[in-house]
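The values are calculated or read from the model by the stated rules, or taken from the named source; none is laboratory data. Worth saying up front: this structure is predicted, and the values here are computed from it rather than measured. Side chains included, ligands, DNA and RNA excluded: accessible areas come from the protein's heavy atoms. Shrake-Rupley method; radii C 1.70, N 1.55, O 1.52, S 1.80 Å.
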Amino acid sequence: MSHSEVKGPVYYQEDGFLKLNALIKEANPSKIFFLVDNNTHRDCLAVFLKKLESPENVEILEIEAGEINKNLETCTGLWNALSELDADRKSLMINIGGGVVTDLGGFVASTFKRGIRYINVPTSLLAMVDASVGGKTGVDLGNLKNQIGVINHAEMVIIDPAFLGTLPQTEMRSGLAEILKHALISNETYWNKVTNLSELTLDDLDEIIKESVEIKAKVVTEDPEEHGLRKTLNYGHTLGHAIESYFLTHSEKTTLLHGEAIAVGMILAAYLSKELQDFPENKLKEITAKILDIYDRVEFSEEDIQQIIDLMKYDKKNSHGNINFVLLKDIGNPVIDCKVPNQLIWNAFEYYKKA
């Protein structure tokens, strides 16, 4: 797949920094704004600034790390800061961080003065394989994920797996969930490769990230506005997002990372696939075992499940009051817009508890 096929091309390591310096020379931005959170400010920014050929006219904007800050209030603070620092239509924004920074930074850039150019530099595994590609930007509305946003592509995405050296193990695991999802909707060979973790080295990780990004980029290129094929990227996310939202705002619950919630969602969706799409039972068992081998089992009470089901109606993929699921006929053969009766969702949670 050539870079030209994908809006907002993806470049890796040194190639990315060469392209960035060329773009800055050519576009000659009036100012460059770096958006970081407190973690990437500490761990990644200095490394990145060293790669810039002419680091003048640079301003640093910092937000607090964490999904809890991915809201309009944070955006308002940034719009005000841009305004006070004389940002204009010729300014460039470079977002260095995980999915919160790239989603929110893309949205802030896309809406400030009706849009300034931006570049994403994802520093978490999750953002590399998911948030940075596809032009989706956005913020949460209360506990409802990504309700406000626009589709607007970055000028480019620079992926440098060296940044993963600063990432906690839990965050690496969280990102792996999106890689597993890409495997389940695309092909069994890739699924077998990414689930044999004991045999993988860090060099394999570079290759796996590239393959995962290419799977997503291909889907997004074919269906940028999410009329059909792009919906397949929501496998595991209908229930997964509702679980994530519920745990995010429930004071007595430990917050789940995105990938931890999606891992549960993928098992539940595999069970629903067996019930509604004749997905092979042996593969359901295999998916369940492999995912539970990587992620801790999450406990759900009946009240939790009821509230999670209630939250699903806010999912952006729904239309006309119907909750739409992506299910699998087989690994690599997803089906979109599946209607699922509530009773089957309860049965899926029962299956998960006992698995």
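Whole-Å semi-axes of the stretch 215-355's equivalent ellipsoid, largest first, each the root of 5 times a Cα gyration tensor eigenvalue?
Output for the stretch 215-355: semi-axes of 22, 18, 15 Å.
Please work out the ratio of the alpha-carbon Rg of the chain to 2.2 N^0.38 Å and round it to two decimals.
With N residues counted in the chain, Rg over 2.2 N^0.38 Å equals 0.98.
Quick one: Debye curve from the alpha-carbon atoms of the stretch 1-117 only, equal weights, vacuum; give me log10 I(q)/I(0) at q = 0.16, 0.21, 0.23 Å⁻¹ to two decimals.
The computed values of log10 I(q)/I(0) come out as -0.79, -1.34, -1.52.
Roughly how tilted is helix 13-27, in degrees to the nearest 10 and between 0 and 90, from the longest Cα axis of the chain?
That works out to roughly 50 degrees.
At 1.4 Å probe size, with the rest of the protein present, what percent of the exposed accessible area of the stretch 211-355 is carbon and sulfur atoms?
47
Which length gain, in nm to one decimal place, applies between Asn71 and Ser251 when the Cα-Cα distance is subtracted from 0.36 nm times their residue separation?
Net length gain for the segment: 62.9 nm.
I need the fraction of alpha carbon pairs in the stretch 239-295 separated by more than 15 Å, rounded to a whole percent.
Of all Cα-Cα pairs in the stretch 239-295, 51 percent lie more than 15 Å apart.
Over the residues of the stretch 145-271, compute the C-alpha Rg and express it relative to 2.2 N^0.38 Å.
Taking N as the residue count of the stretch 145-271, the ratio is 1.11.
So which aspartates and glutamates pass the test for Lys25, namely a Cα distance under 19 Å, with those fewer than 8 places away in the same chain ruled out?
Glu14, Asp15, Glu53, Glu56, Glu59, Asp88, Glu155
Rounded to the nearest whole Å³, what is the per residue volume of the convex hull around the Cα atoms of the stretch 199-283?
Expressed per residue, the convex hull around the Cα atoms of the stretch 199-283 is 157 Å³.
Explain nothing, just the number: relative contact order of the chain, from Cα pairs under 8 Å at least 6 residues apart, as a whole percent.
14
Considering only DSSP beta bridges with both partners in the chain, what is the antiparallel share in %, to the nearest 5?
That works out to approximately 30 percent antiparallel.
With every protein chain left in place, what is the accessible area per residue of the stretch 159-245 in square angstrom, probe 1.4 Å?
39
Enter the accessible area per residue of the stretch 1-151 (Å², integer; probe 1.4 Å; all protein chains in place).
For the stretch 1-151, the solvent-accessible area averages 44 Å² per residue.
Divide by every residue of the chain the summed helix terms, -39500 (n - 2.57) for each DSSP H run of at least 4, and state the resulting mean residue ellipticity at 222 nm, rounded to the nearest 500 deg cm²/dmol.
For the chain, the value works out to -15500 deg cm²/dmol.
Setting aside same-chain residues fewer than 8 positions from Lys70, which lysines have a Cα under 18 Å from its Cα?
Within reach: Lys136, Lys145, Lys316.
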